[in-house]
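Accompanying notes for the structure given below.
The values are calculated or read from the model by the stated rules, or taken from the named source; none is laboratory data. Everything numeric here is computed off the predicted structure, so don't read it as measured data. As a convention, Cβ positions derive from the backbone with ideal geometry for all residues, glycine included, and neighbour counts pool all protein chains shown. Ligands, DNA and RNA are excluded from the accessible area calculation, which covers all protein heavy atoms including side chains. Shrake-Rupley method; radii C 1.70, N 1.55, O 1.52, S 1.80 Å.
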There are 2 protein chains.
Amino acid sequence: MRTACTRAAAFSLLLATPAGGGEERPPLGFTAESAARQREIEAALVALPSAARCESLHAQLTRAPHVAGTDGSRRVAEEVLWRLRETGLETEMVSYDVLLSFPRRVEVELVTPRLVRLARPEAELPEDPFSREASLALPWHAYSKSGDLTADVVYVNRGQAEDYDTLAKLGIDVRGKIALARYFAGYRGGKSLEAERRGVAALITYSDPAEDGYVQGDVYPKGPWGPETHFQRGANVYDFIVPGDPLTPGWASVAGARRIPESESKVLPRILSVPLSFQDAREILQALGGPVRPHPAWQGGGPFTYHVGPGPAQVRLSLDIPREVRTIRNVIARLPGSDPDPAVASQVVLLSNHHDAWTYGGVDPSSGTATALELARALGDLARRGMRPRRTIVLGIWDAEEFTLTGSTEWGEEHAEELRAKAVACLNVDASTSGDRLSVSAVPSLRQFFHEVARRIPDPKGRGSVYDVWASDDSTSGRGYGVLAGESTGEPKVAILGSGSDYTVFFNHVGVPSADFLFDGPYGVYHSIYDSHEWMRRQGDPGFRYHAAMASLWGVAALRLANADVLPFDYSAYGRDLVVYIDEVEALARQRRMVVDLGPARHQARRLAALGPPSTAGGPEERRRRNEALLMAERDLTRPEGLPGRPWFRHLVYAPLPSYAAETLPGVREAIIDNDTARVSAQASNLAQALRRAADRLEAAAGR
Amino acid sequence: MRTACTRAAAFSLLLATPAGGGEERPPLGFTAESAARQREIEAALVALPSAARCESLHAQLTRAPHVAGTDGSRRVAEEVLWRLRETGLETEMVSYDVLLSFPRRVEVELVTPRLVRLARPEAELPEDPFSREASLALPWHAYSKSGDLTADVVYVNRGQAEDYDTLAKLGIDVRGKIALARYFAGYRGGKSLEAERRGVAALITYSDPAEDGYVQGDVYPKGPWGPETHFQRGANVYDFIVPGDPLTPGWASVAGARRIPESESKVLPRILSVPLSFQDAREILQALGGPVRPHPAWQGGGPFTYHVGPGPAQVRLSLDIPREVRTIRNVIARLPGSDPDPAVASQVVLLSNHHDAWTYGGVDPSSGTATALELARALGDLARRGMRPRRTIVLGIWDAEEFTLTGSTEWGEEHAEELRAKAVACLNVDASTSGDRLSVSAVPSLRQFFHEVARRIPDPKGRGSVYDVWASDDSTSGRGYGVLAGESTGEPKVAILGSGSDYTVFFNHVGVPSADFLFDGPYGVYHSIYDSHEWMRRQGDPGFRYHAAMASLWGVAALRLANADVLPFDYSAYGRDLVVYIDEVEALARQRRMVVDLGPARHQARRLAALGPPSTAGGPEERRRRNEALLMAERDLTRPEGLPGRPWFRHLVYAPLPSYAAETLPGVREAIIDNDTARVSAQASNLAQALRRAADRLEAAAGR
């Protein structure tokens, strides 16, 4: 099968490039002449990453817990700095003092109908030495309010707005109660904000085996899924309103910066919040009375019928989780561009990862950090051998991503002007590996680019290229950070960018074309004590070959962006997707009986769709003009005033939802949902203007 | 809400019948003059059924197990006969000697990796005295092969063809193994035949909590669903090939009839087969190794990850389940027609139910039998008061339905000629009640009829009419005996007739327009020891008001068919549905790249669709001609040669699948699936001829 496919592909390439004498077609953005040199550089790069070295780096990064703001995190930051320095890249450590949060006391008890002490630590597994660690005993949510309370419990399914609506229809009052919600189908911060709005007194969020336990597959250590005692730590914070240090919303937390009081923050929860394992949650669930869950989708994977309550189960919570200002440390490495034109050489291809973790970071994020260090080594090696990139490559390994995307956000806010002028793209790799299938979220203009890059990387299991495996996947990405992009072709799907990692400030705030990618796979120990080196060795990437493959893939992507004659952004794909988004929003308006005129936006989207992929034709001056336009076109899609209600989010085509997912055309869409005719019209006009700016710029540069 | 709806309906009726002076529109098939008398009769009927009497009848019928061929069943038959005799109807008991099957030994043991004795009895519940009954201790399948064997186990999900295909793709060989299948999504006989074809040595079918246990809702006695120890008895027999006594396939088992040897039967299984409870099956499931279930849909409701094996779980089966010829007893009651025209008076409206049960028959079928006896009492009462039906009403309460639809099939075969000439319709009620929502399966021509009848019956919970509750149901029927009919309107859905009850011989063999209906609801104790009077009192129909409502509904339906001026069959609905079936079969052919010419069949279907509902216009002679055509039109849709491979099934529009479900246009459809071009063409021609016969007849009678 594979042989036949490869042959067919080669044949069609021959037809496509009759003058090429059988040579490969140049990558998007490269002239035939530059392509040869680029192929040499990529061949050299792909030969460098070593799975064994990735394994060793991973073992070092994950040897102890390294929560942001702790000594463990400082040690990892210093180690990352030292490793990057070894590669020959320019390095620096950049610190900010930001509001974090740490647990002193987390007590949870079922008090009625019988006393059961909950909030128990995760089980020690004889097979995994990392599962014994006293400092990780407490289940907690960063930024939770502290306090004591005892109340009846209500089971609220996923804790989304429609779940509370369903309960209201059943006549169940959640006010003053403790809501017990399942994880997944929504970000924990989104569930908390919804609970607050409904008058809930405290929120318990637990890991149901239906989502990440035995219902999905064998549990750790036999398989990759979560045992019944695992719980999911994490921040409970409303950073879909504005991310970064809660005390400096919208500006950098540099020395002397203005800080708002905590009480003025719009992102800190006003209720108690705690995660529990299924082992703990089932004690509560099985003690609930009241109606049977109102819909089969509310039934979890426990071996009993779920009831909603309220009560007779009563729970006591006692939480002491102080919020504290502490120092975080971003580590930055830089490989300066070599182009003779300083305007080009100073353009930045940004590679992005973070180093802080809730426990050991086996997957999240130390797989990505190990990959980043191995890639930096390879780039340093190439530079020493004379293969320096034309544009500058900057690698940011951020701190406190797990809190509010804090490290990247503060740095992005500090350098917003420079990034706006110089940033070509942001390639974010958070976790690099939890399995063997590529999963990509990106702007539509980078879709073809990623298809080409993935064709370049051999699959470590010998199943053809990474692209071949990606294309054979009939499911969508397992992570659910975004919905799939509108365009439907035979090619692998690329998701749209939600929020949930460090590209957010660069993409949604500054307008830098962005992508986020990993090798994905079954992974049920997210943010649990089992997210360890041992898990990765046994389950996620035995042999660490996908870590090394990601270093190659990330590196090829970086070097194509850094060396391209013309930036490989296909705005015609953007235009086609925009037409689909506009169709969807119009359908929503019809459904809500709202009048919305998206004709002007549609016209501009069609202009973009008509552009075609970027051409390398013409002389250096033409290409320079085209590059300038391509560099700035994504910025055209932002607006300095941002979205209504959340001005930090400036991108008009995408914005994160409280669920990690992305929504498209958020300004118009939210105005329709709020039934605000005047706002619909203003937002439709903003959108059309943004698209027109981009279309004007790109058409002009294309000489039309 | 209800008041407003009622008003709106009255308003539109006024518009529809301006001459009626505000009176109700006559029911389908009645002239305005006859409608007044019919309304009186129906009002008298609806006033008669008593919930208290239904409860008492139900208690008597269910006081002991009454499996066909046992003394318990004989006692129930005699009681039914005696009760019917009391009503004043003409009664008879009709016996046949037929092949049944009874368990002497059922031993099931997990032997590897550890010894666990399985096939344990259902748990005794302190709340339900019926749950203590030594004669119901064994889990067994009637007609299973007897024998001893020990083999590795393979989990085969639902045990359908596609499940075995999935296992084959995983490289798992099921030959000689014991297959462990979940109940549901297919009839147990269908699973057995598929297992035989795949070379499986024995089949264990178990009740997974995902289908009828705690995943669905609270288990008995707290709720209506099955506890973990319940198991589903039943026949394992291939009566979708030919039902009735396996020794007289196609003819009646009357004294002196030819009997084939067992070895020549096409319907008796050639493998060992046994049902198990989840309590037992989980011992095997949790001992299985091999791959994790290949698809999430294979994961059941147990609190562990399902694996497929084979082994290391090994099971020993030892079954002694002799097949024996025993006597079964149908009870027949008759209320002769009063029409002055003997041709009309001798026409038969057939009411159908059975009296044998696997355990107590709490739902299946004694709810229906109690309802039937209460209805018979009401009909006898009306007759005494001078309200005799114009046409003859026959009530058949069959025996051994649970084996192979045996009692009804033998009687139907014995009286096939008379039924072909005289039977107006078959109204089958197996279980009458397991909840509070009407569920109807019927030929399309009876759809409007049932909508009208349901409007006539008040909902016992005061939610308007039975129709109103039915129309507010956004789900499909819970039973899954058939798929929904093609027509999509705002009116309640009517399913198509599959097989699974006693209408089969009348509908599929003789061509009598048929319907099957019940008040449906959550019911997880089917064929288990918990299907008792106690279950019905606590869960299914506390107060037995829906039993009484079904006596009214069934009675109104019977009396409308018996008294109608023109038989209320709307063949235009049949025609519209046929067009949908033809579309579907054509789509299937395209998908399989087969050429099929259904143009002629489509033309005939459109002729039927153009007929409109039956008119009561014209004089007595016109109505007589119209009635003759309406009486015979369903017979036109049958063919004496039957379907290829199963000649007993003569209806060309519907036939049962091995799954209880119905398929439409079975001759053409199966020929397409078998890729048999010549057969496709012959079957398409048979279909077109059948439709043409009906259309010719109905058009001629309509005077077109």
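Along each principal axis, taking the top coordinate minus the bottom one, the Cα set of chain B gives 80, 60, 60 Å in descending order.
Remark: relative contact order (the range A:561-704) = 29 percent; criterion is Cα-Cα distance under 8 angstrom and separation of 6 or more residues. Seen from all directions on average, the range B:90-140 presents a Cα convex hull projection of 7.2 nm². Along the range B:398-408 the Karplus relation, 6.51 cos²θ - 1.76 cosθ + 1.60 evaluated at θ = phi - 60°, assigns HN-Hα couplings of 8, 10, 6, 4, 5, 8, 9, 6, 5, x, 5 Hz to successive residues, with x for each Gly and Pro. Working from Cα pairs under 8 Å separated by at least six residues, relative contact order for chain A is 17 percent.
Across the range A:322-328, rounded Karplus estimates of 3J(HN,Hα) from the backbone phi angles (6.51 cos²θ - 1.76 cosθ + 1.60, θ = phi - 60°) give x, 8, 9, 7, 9, 8, 10 Hz, Gly and Pro being marked x. Take every DSSP beta bridge whose two residues both sit in chain B; close to 60 percent of them are antiparallel. Distances between every pair of Cα atoms in the protein assembly as shown, grouped in 10 Å steps from 0 to the bin holding the largest one, split as 1, 8, 14, 17, 17, 15, 13, 9, 5, 2, 0, 0 percent. Of all the Cα-Cα pairs you can form in the range A:575-686, what percent are over 22 Å apart? For the range A:575-686, the fraction of Cα-Cα distances above 22 Å is 39 percent.
Each copy carries a label point for residue A:149 at 7 Å from Cα toward Cβ; from one copy, the others' points are 6.2 nm away, ordered from shortest. Helix A:2-16 axis versus longest C-alpha principal axis of chain A: approximately 40°, rounded to the nearest ten. When only the Cβ of Lys, Arg, Asp and Glu is charged (+1, +1, -1, -1), the dipole of chain A relative to its Cα centre reaches about 760 debye. Exposure check, 1.4 Å probe, all protein chains in place: residue A:94 carries approximately 20 Å² of accessible surface.
When the protein assembly as shown is described by a simple charge dipole with +1 on each Lys and Arg Cβ and -1 on each Asp and Glu Cβ, the residue from A:137, A:230, B:630 located farthest towards its positive end is B:630.
Within the full protein context, the accessible area of residue B:87 is estimated at about 10 Å² for a probe radius of 1.4 Å.
This model, with +1 at the C-beta of Lys and Arg and -1 at the C-beta of Asp and Glu, gives the protein assembly as shown a dipole about its Cα centre of some 1520 debye.
Counts of other chain beta carbons within 10 angstrom of each beta carbon in peptide B:208-215 average 3.
Mean partner shielding of peptide B:301-311, defined as the number of other chain Cβ atoms within 10 Å of each residue Cβ, is 4. Loop-located trypsin sites (Lys or Arg not before Pro) in the range A:355-392 (DSSP state not H, G, I, E or B) with no more than 13 neighbouring Cβ atoms inside 10 Å: A:385.
Dipole orientation for chain B: of the candidates B:449, B:354, B:507, B:449 has the Cα lying most toward the positive pole (charges on Cβ; Lys, Arg +1; Asp, Glu -1). Here the Kirkwood formula puts the hydrodynamic radius of the range A:635-704 at 12.7 Å, using every distinct Cα pair. Measuring from each Cβ of chain A to the axis that turns chain A onto chain B, the shortest distance belongs to A:303, 2 (residue, then whole Å). Note on surface exposure: B:433, A:91 rank A:91, B:433 by accessible area, highest first, 1.4 Å probe.
For the range B:332-438, the fraction of C-alpha pairs more than 21 angstrom apart is 40%. For the set A:505, A:215, the ranking by accessible area, highest first and with no ligand, DNA or RNA atoms included, is A:215, A:505 under a 1.4 Å probe.
Centre-to-centre, using Cα atoms only, the range A:230-244 and the range B:658-704 are separated by 62 Å. In this structure, the residue pairs whose Cα-Cα separation is over 18 Å, taken from A:145/A:266; B:145/B:169; B:145/B:191; A:191/A:266; B:422/B:493; A:145/A:177, are B:145/B:169; B:422/B:493. Secondary structure note: in the protein assembly as shown, about 60% of the DSSP beta bridges are antiparallel.
Seen from all directions on average, the range B:542-628 presents a Cα convex hull projection of 9.4 nm². Counting from the shortest, the label point at residue A:600, 7 Å from Cα toward Cβ, is 6.4 nm from the same position in each remaining copy. Ascending distances from the residue A:257 label point to its copies in the other chains, with the point 7 Å along the Cα-to-beta-carbon line: 9.0 nm. Averaged over the residues of B:187-199, the number of partner chain Cβ atoms lying within 10 Å of the residue Cβ comes to 0.
To the nearest ten degrees, helix A:545-563 and the longest principal axis of the Cα atoms of chain A are 50 degrees apart. Taking the C-alpha atoms only, the angle from helix B:71-86 to the longest principal axis of chain B is near 10 degrees.
Ordered by 1.4 Å accessible area with all protein chains kept, B:207, B:34 run largest first as B:34, B:207.
With a bin width of 10 angstrom, please list the P(r) values of the range A:497-536 as percents of all Cα-Cα pairs, from the 0 bin to the one holding the largest distance. It works out to 24, 35, 29, 12, in whole percents. Summarising the amide proton neighbourhood of residue A:307: residues at separation of 5 or more, or on other chains, whose placed amide H is nearer than 5 Å comprise A:293.
Once you keep just the Cα pairs under 8 angstrom separated by 6 or more residues, what percentage relative contact order results for the range B:134-263? So the answer I get is 22 percent. Its convex hull of Cα atoms gives the range A:108-181 a direction-averaged projected area, equal to a quarter of the hull surface, of 7.4 nm². Need one number: the % of Cα-Cα pairs in the range B:254-348 sitting beyond the 18 Å mark. When all Cα pairs of the range B:254-348 are counted, 72 percent exceed 18 Å.
Binning all Cα-Cα separations of the range B:180-300 at 5 Å, short to long from zero, yields these whole-percent fractions: 2, 10, 16, 17, 17, 12, 9, 7, 5, 2, 1, 0.
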